[in-house]
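In what follows, a single structure is set out as structure tokens and then discussed.
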């Protein structure tokens, strides 16, 4: 009567397979009924792994306004620690934000369309760091800034710009 057992296992096996398929479909869904969220910010590229613990202070947020063609930082004093650079494209053309310096390999956001935002979280130690827009010739047109991080607080110095965002004449 092996045939009888196979018939009894068939419906049970089908039920198990159907449940497994339902579980996979449910796990792969995003739970919001589909469609993209129109208010999401542009994705950022990971910089360094971040871990939170009771002993680790939260990252300080520095707002970075990217205009055509300058960077404006909300902070001018920097001490060693973890910072989140919140970039907003306040210009009329696409921009991005990149940072590099001691212990931070060049890290950048995706290209931001006007009005979009993105965040970069990095841990800064003593030394000089540079922030810039890596899109086209934007860096050469004045979209860069240097920050000095020191134990007693460093400084930010955006590159002076002249008319139209081009570098100011020297001398």
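The values are calculated or read from the model by the stated rules, or taken from the named source; none is laboratory data. Just so you know, these numbers come straight off a predicted model, no measurement behind them. With ideal geometry, Cβ positions are generated from the backbone for all residues, glycine too; neighbour counts draw on all protein chains shown.
Worth pointing out:
- Exclusive hit being under 14 Å from the mean Cα position of the chain (by Cα) and either surrounded by 13 or more Cβ atoms within 10 Å (Cβ to Cβ) or at pLDDT below 95 (or both), set 109, 151, 155: 109
- Region 46-73, residues that are within 30 Å of residue 137 (Cβ to Cβ), modelled with pLDDT of 90 or more and under 17 Å from the mean Cα position of the chain (by Cα): 61, 62, 63, 64, 65, 66, 71, 73
- Of the criteria (1) over 13 Å from residue 146 (Cα atoms); (2) surrounded by 18 or more Cβ atoms within 10 Å (Cβ to Cβ), which one residue 74 fails: (2)
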